[in-house]
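Following: one structure in structure tokens, then a few remarks.
The values are calculated or read from the model by the stated rules, or taken from the named source; none is laboratory data. Only a predicted model underlies this, so the values are computations on that prediction, with no experimental measurement involved. Using ideal geometry, Cβ is built from the backbone for each residue, glycine included, and neighbour counts are taken over all protein chains shown. Protein only, heavy atoms only, side chains kept; ligands, DNA and RNA dropped before computing areas. Shrake-Rupley method; radii C 1.70, N 1.55, O 1.52, S 1.80 Å.
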Amino acid sequence: MPLSGRDVISIFDFSDAEIEGVFALADELAKFARGRAEICAGKILATLFYEPSTRTRLSFESAMLRLGGGVISCAEMTGTSVAKGETIADTVRIVESYADAIVIRHPLEGSAKVAADYAHVPVINAGDGGHEHPTQTLLDLYTIRREIGRIAGTWVALLGDLKHARTAHSLAYGLARLKANVVCVAPEGLEMPREVLETLAHEYGVTPRQYPSLEALRGDVSLLESASRPTQANLDFDVISIFDAIYVTRVQRERFTSPGEFERVRHSYAIGAEILRNMRSDTLIMHPLPRVDELDYGIDADPRAAYFRQAAYGVPVRMALTAAVLGRREIPLDPHATVEPRIQPPAVRAAGATCGNPRCVTTSEHYLEPAFQRGPSGLRCAYCGRAAEEVKR
Ligand code: CP
């Protein structure tokens with residue numbers, strides 16, 4: 001199935017071969033990332049950002065301009081009729097008549113799916129609350145592939161606020177399916193959500209080890225054997241040296257409902273010169289950015305600090321994706337690859353079931369009927385993916 005016309009709501013919207021195809025096209029289009037092609041001439045991309053953004057919004061807009069297309073945008077969504085109460089459904093039904101594709105970021109989980117359900121042009125999720133950020137994952141995976149040369153078999157530690165960081169959720173799925181080894185390091189209360197862990201287990205048979213701190217991880221020498229470090233030499237290795245990449249996320253202040261809880265965890269982890277001394281010379285420090293204080297500015301000049309290069313890869317990756325969904329370029333596909341995107345279970349009404357997620361888009365877009373999907377890990381909200389509460393009759 002071609003990418004042309006497809007919505008991009010989740011990393012599950014791509015097959016493994018399509019992810020590789022996007023990367024191959026990004027490699028090809030990278031030569032225009034400082035120039036201009038005419039690949040999308042005559043097309044218009046609309047960017048609807050209900051939440052702040054620097055990288056995602058500007059790299060999508062840069063990508064479209066580099067492709068020779070046009071961009072329409074609003075400086076602030078509060079300057080649109082959203083301020084008068086216009087819904088997501090109505091907003092995208094208007095914007096689709098002005099643009100050929102829509103990129104949307106919204107604070108509520110499941111909002112991008114709502115936009116895709118109502119718009120007839122491709123909708124790309126640029127982050128829906130704490131749920132998913134699939135195009136960030138594409139550029140994160142692209143960074144690993146470009147800088148390490150492979151994804152399969154790499155060891156990647158996800159460090160930080162894994163509860164709220166949508167980038168970490170989508171990336172965990174992407175890494176697991178492409179056969180990387182994922183380890184989670186999160187302070188108490190900020191661990192990877194149950195739904196993400198259940199999906200990793202059910203879809204890929206992956207159960208990441210979890211640690212409350214980098215110190216706890218470095219104390220687990222059994223990781224050395226898991227990573228095939230010679231047992232005899234184990235004492236000579238810091239456990240951190242097994243990792244090909246450390247992916248750091250900030251504490252997502254905007255997702256906390258309790259200021260006290262935020263204060264408790266806000267300074268609970270950081271990467272500085274000490275940890276770099278014990279890492280391999282080729283381990284990448286990655287971060288979706290923005291950072292707050294979890295990455296010391298003193299490490300920026302170290303070649304292992306990959307986060308600014310990572311952000312720059314957003315342009316060729318989003319050029320490739322935009323050209324593909326607009327039908328202006330085919331992504332090259334391995335003819336032997338047969339894996340299709342995950343087929344979502346059909347959305348069903350479930351009498352007595354409720355989502356229970358206060359950040360689900362169904363809590364504020366009044367026209368939405370609750371809908372659920374029954375999968376291997378039980379009933380989930382079809383919008384935000386959160387496990388649904390089912391009333392037994
Ligand atoms: N990484 C990322 O999503 O950055 P922005 O919030 O600046 O778009």
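If I go through the range 30-52 residue by residue, how many of them are under 19 Å from Ala99 (Cβ atoms), within 16 Å of the ligand (Cβ to nearest atom) and either out of contact with any Cys (no Cβ under 9 Å at 6 or more places or on another chain) or of a type in the set (Lys, Arg) (or both)?
2
Kindly provide the set of residues from the range 240-293 that are within 15 Å of the ligand (Cβ to nearest atom), of a type outside the set (A, V, I, L, M, F, W, C) and either in contact with a Pro (Cβ under 6 Å, 6 or more places away or on another chain) or at pLDDT 95 or above (or both), ordered by number.
Tyr247, Thr249, Arg250, His287, Pro288, Pro290, Arg291
Being buried (at least 22 other Cβ atoms within 10 Å of the Cβ) and closer than 14 Å to Asp7 by Cα is the filter; apply it to the range 90-104 and report the residue that is farthest from the ligand (Cβ to nearest atom).
Checking each candidate, the answer is Val92.
Go through the range 53-80 and give me each residue that's within 16 Å of the ligand (Cβ to nearest atom), in a loop (DSSP other than H, G, I, E, B) and modelled with pLDDT of 95 or more.
Ser53, Thr54
Here are some conditions: (1) open to solvent by 20 Å² or more (accessible area, probe 1.4 Å); (2) under 13 Å from Lys113 (Cβ atoms); (3) not polar (S, T, N, Q); (4) not in a strand (DSSP E or B). Cys384 meets all but one. Which one does it not meet?
Failing condition for Cys384: (1).
For the range 324-340, check the following and say yes or no: at least one residue is under 26 Å from Tyr247 (Cα atoms), in contact (Cβ under 8 Å) with a residue 40 or more places away in the chain and assigned to a loop (DSSP other than H, G, I, E, B).
Restricting attention to the range 324-340, the residues satisfying the condition of being under 26 Å from Tyr247 (Cα atoms) are none.
Within the range 324-340, none of the residues are under 26 Å from Tyr247 (Cα atoms), in contact (Cβ under 8 Å) with a residue 40 or more places away in the chain and assigned to a loop (DSSP other than H, G, I, E, B).
Just to be sure, is Gln210 of a type in the set (S, T, N, Q) and either part of a helix (DSSP H, G or I) or open to solvent by less than 30 Å² (accessible area, probe 1.4 Å) (or both)?
Against the criterion (of a type in the set (S, T, N, Q) and either part of a helix (DSSP H, G or I) or open to solvent by less than 30 Å² (accessible area, probe 1.4 Å) (or both)), Gln210 does not qualify.
I need the full set of residues from the range 261-283 which are part of a helix (DSSP H, G or I), free of Cβ contacts under 8 Å to residues at least 40 places away in the same chain and surrounded by 13 or more Cβ atoms within 10 Å (Cβ to Cβ), in order please.
Of everything in the range 261-283, those that are part of a helix (DSSP H, G or I), free of Cβ contacts under 8 Å to residues at least 40 places away in the same chain and surrounded by 13 or more Cβ atoms within 10 Å (Cβ to Cβ) turn out to be Phe262, Leu276.
Rundown of residues vs (1) assigned to a helix (DSSP H, G or I); (2) open to solvent by 30 Å² or more (accessible area, probe 1.4 Å); (3) of a type in the set (Phe, Trp, Tyr), yes/no style:
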residue: Ser4; (1), (2), (3): no, yes, no
residue: Phe12; (1), (2), (3): yes, no, yes
residue: Ala17; (1), (2), (3): yes, no, no
residue: Asp27; (1), (2), (3): yes, yes, no
residue: Arg34; (1), (2), (3): no, yes, no
residue: Ala41; (1), (2), (3): no, yes, no
residue: Leu45; (1), (2), (3): no, no, no
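Between a residue in the range 50-66 that is open to solvent by 30 Å² or more (accessible area, probe 1.4 Å) and charged (D, E, K, R) and any residue that is within 8 Å of the ligand (Cβ to nearest atom) and part of a loop (DSSP other than H, G, I, E, B), which pairs come within a Cβ distance under 7 Å, given they are 6 or more apart or on different chains?
Arg55/Leu289
Go through (1) farther than 24 Å from Tyr142 by Cβ; (2) in contact with a Phe, Trp or Tyr (Cβ under 9 Å, 6 or more places away or on another chain); (3) at pLDDT 95 or above and name the single condition Leu48 misses.
Of the numbered conditions (1) farther than 24 Å from Tyr142 by Cβ; (2) in contact with a Phe, Trp or Tyr (Cβ under 9 Å, 6 or more places away or on another chain); (3) at pLDDT 95 or above, the odd one out for Leu48 is (2).
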